[in-house]
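Taking it in order: structure first as structure tokens, then the write-up.
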Amino acid sequence: MRSIDTLGDLRGKRVLVRSDFNVPLKDGVITDDGRIRAALPTLEKLVQAGAKVVVMAHLGRPKGTVDPAFSLAPVAQRLGELIDAPVTLAGDTVGDSAKETVAALEEGQIALLENVRFDARETSKVDEEREELARAYAELGDAFVSDGFGVVHRKQASVYDIAKLVPSAAGLLVVNEIESLRKATEEPERPYAVVLGGSKVSDKLGVIANLLKKADMLFIGGGMVFTFLAAQGHSVGKSLLEEDQIDTVKAYIDEAKERGVDLVLPTDVVVAPEFAANAPSTVVSVDAIPADQMGLDIGPESQKLFADKLATAKTVAWNGPMGVFEFEAFAAGTAAVAKALSDGSMFSVIGGGDSAAAVRTLGFDESTFSHISTGGGASLELLEGKVLPGIAVLED
């Protein structure tokens with residue numbers, strides 16, 4: 001994969017950078033600037049090289065129309081604060097404002113184009129439409145750096161098509177993501193453990209199918225575990241259940257046994273009568289879930305089981321929380337997994353999305369994990385063994 005250093009001397013060059021600035025907003029205020037901070041090493045490297053830096057990014061899903069609610073204005077302000085220099089926001093993506101903004105850049109300065117998803121061609125399924133927009137981007141830059149890992153699994157104009165039109169390379173964030181995730185999936189130090197959670201089995205079918213061939217231990221938690229429990233013949237009450245996946249899950253259970261993979265399922269769960277933060281909770285065995293209750297976390301016995309087994313692993317990939325961590329009463333399972341990885345000496349990769357959010361929400365020191373991915377969907381597809389278009393286009 002081509003790195004920034006392959007682009008040569010960038011002094012005075014206009015460098016287009018695709019970043020992932022899809023940050024959470026509340027009343028127009030950024031509530032978590034983690035993705036902006038993650039982009040800083042690449043941006044600072046380009047600034048120090050004397051490049052004229054033109055950042056492209058998206059925010060939310062404006063569906064191809066200009067929507068002020070999804071303007072990157074708060075991002076431009078926060079980025080400027082973090083680099084201690086003004087960041088000009090263009091009023092459009094490839095129009096007159098973008099051209100004027102880029103033309104006014106001096107060496108070492110940064111400008112931000114308005115939300116790329118204000119243009120419907122950005123995410124078009126029609127190649128010619130995306131390519132047309134990419135050519136307009138190419139007029140604004142002499143080189144391209146892909147640094148938005150959260151979007152590299154998409155064929156989009158500012159991610160994939162632009163990389164074919166000008167000299168292109170991966171940014172520091174993307175290089176680190178790919179190296180870390182490949183280390184945790186392609187040649188992991190063993191024992192190799194995979195922890196999967198989240199709500200639906202159907203979201204993780206590809207991951208399970210791929211990793212059953214590689215993992216020594218596979219831990220299942222979150223809402224998806226109840227389809228596994230149902231496949232074992234347990235009643236799961238009002239818990240989340242994908243009945244159409246029971247046969248598939250039965251086949252996975254059989255395959256794990258055949259391959260000698262230690263499939264670790266909870267032995268107890270925390271249940272409540274409804275999905276609510278203040279719902280009264282009780283702990284029950286997995287073979288005694290009441291018909292009028294729903295499982296919302298793995299129980300204390302399971303938390304110890306998971307933590308003890310994870311402590312024996314040399315490599316751990318984790319994607320998906322063990323319970324409804326947003327509610328304090330149902331956060332202990334996710335916290336137990338996070339603590340096991342935080343305290344351990346294994347190479348630990350947390351696969352973005354809700355898992356990364358949980359680590360931050362629960363107050364863990366991010367530096368105690370080997371790698372926390374910035375891209376949930378992209379990391380999931382890597383765990384599935386898929387080729388990511390935005391990465392393939394950067395490889396020689």
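The values are calculated or read from the model by the stated rules, or taken from the named source; none is laboratory data. Remember, it's a predicted structure, so these values are computed and weren't measured experimentally. All Cβ positions, glycine included, derive from the backbone under ideal geometry; neighbour counts span all protein chains shown.
Things to note:
- Residue within the stretch 78-88 that is outside any strand (DSSP E or B), modelled with pLDDT of 95 or more and within 24 Å of Leu394 (Cα to Cα) present: no
- Subset of the stretch 61-72 that is surrounded by fewer than 16 Cβ atoms within 10 Å (Cβ to Cβ) and not β-branched (Val, Ile, Thr) - its residue that is nearest to Tyr137 (Cα to Cα): Gly64
- Residue match in the stretch 188-199 (condition: surrounded by 24 or more Cβ atoms within 10 Å (Cβ to Cβ), in contact with a Phe, Trp or Tyr (Cβ under 6 Å, 6 or more places away or on another chain) and modelled with pLDDT of 95 or more): yes
- Out of Gly385, Gly320, Gly390, Gly353, sole residue that is crowded, with 22+ Cβ neighbours inside 10 Å and at positive phi: Gly320
- Condition met for Val53 (in contact (Cβ under 8 Å) with a residue 12 or more places away in the chain, part of a loop (DSSP other than H, G, I, E, B) and touching a helix residue (DSSP H, G or I) at 6+ places or on another chain (Cβ under 7 Å)): no
- Residue ranges of helices (runs of 4 or more DSSP H) in the stretch 345-396 with at least 2 members over 30 Å from Pro167 (Cβ atoms) and of a type in the set (Ser, Thr, Tyr): 353-361
- Scanning the stretch 136-157 for residues that are assigned to a helix (DSSP H, G or I) and within 17 Å of Thr42 (Cα to Cα) yields Phe149, Gly150, Val151.
- Looking at Ala251, Ala313, just one residue is assigned to a loop (DSSP other than H, G, I, E, B), among the aliphatic types (A, V, I, L, M) and either touching a residue at least 60 places away in the same chain (Cβ under 8 Å) or over 16 Å from Gly221 (Cβ atoms) (or both), and that residue is Ala313.
- Looking only at the stretch 77-100, and only at residues there that are touching a residue at least 24 places away in the same chain (Cβ under 8 Å) and hydroxyl-bearing (Ser, Thr, Tyr), the one that is surrounded by the fewest Cβ atoms within 10 Å (Cβ to Cβ): Thr88
- Residues that are closer than 19 Å to Leu218 by Cα and either at pLDDT below 95 or of a type in the set (Phe, Trp, Tyr) (or both) within the stretch 325-348 comprise just one, Phe347.
- Every residue from the stretch 268-317 that is basic (Lys, Arg) and loosely packed, with under 15 Cβ neighbours inside 10 Å: Lys304
- Here Ala215, Ala231 are screened, and the one residue that is surrounded by 21 or more Cβ atoms within 10 Å (Cβ to Cβ) and aliphatic (A, V, I, L, M) is Ala215.
- Just so you know, in the stretch 162-209 the residues that are among the acidic types (Asp, Glu) and under 24 Å from Ser19 (Cα atoms) include one that is nearest to the chain's Cα centre (by Cα), and it is Glu177.
Here's the yes/no breakdown for (1) among the acidic types (Asp, Glu); (2) free of Cβ contacts under 8 Å to residues at least 24 places away in the same chain; (3) part of a helix (DSSP H, G or I):
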site	(1), (2), (3)
Gly233	no, yes, no
Ser239	no, no, no
Pro266	no, no, no
Ala307	no, no, yes
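- Single residue of the stretch 89-118 satisfying the filter (of a type in the set (A, V, I, L, M) and in a helix (DSSP H, G or I)) that is nearest to Arg61 (Cα to Cα): Val116
- Extreme residue, farthest from Ile298 (Cα to Cα), among residues of the stretch 227-256 that are among the small types (Gly, Ala, Ser) and under 27 Å from the mean Cα position of the chain (by Cα): Ala256
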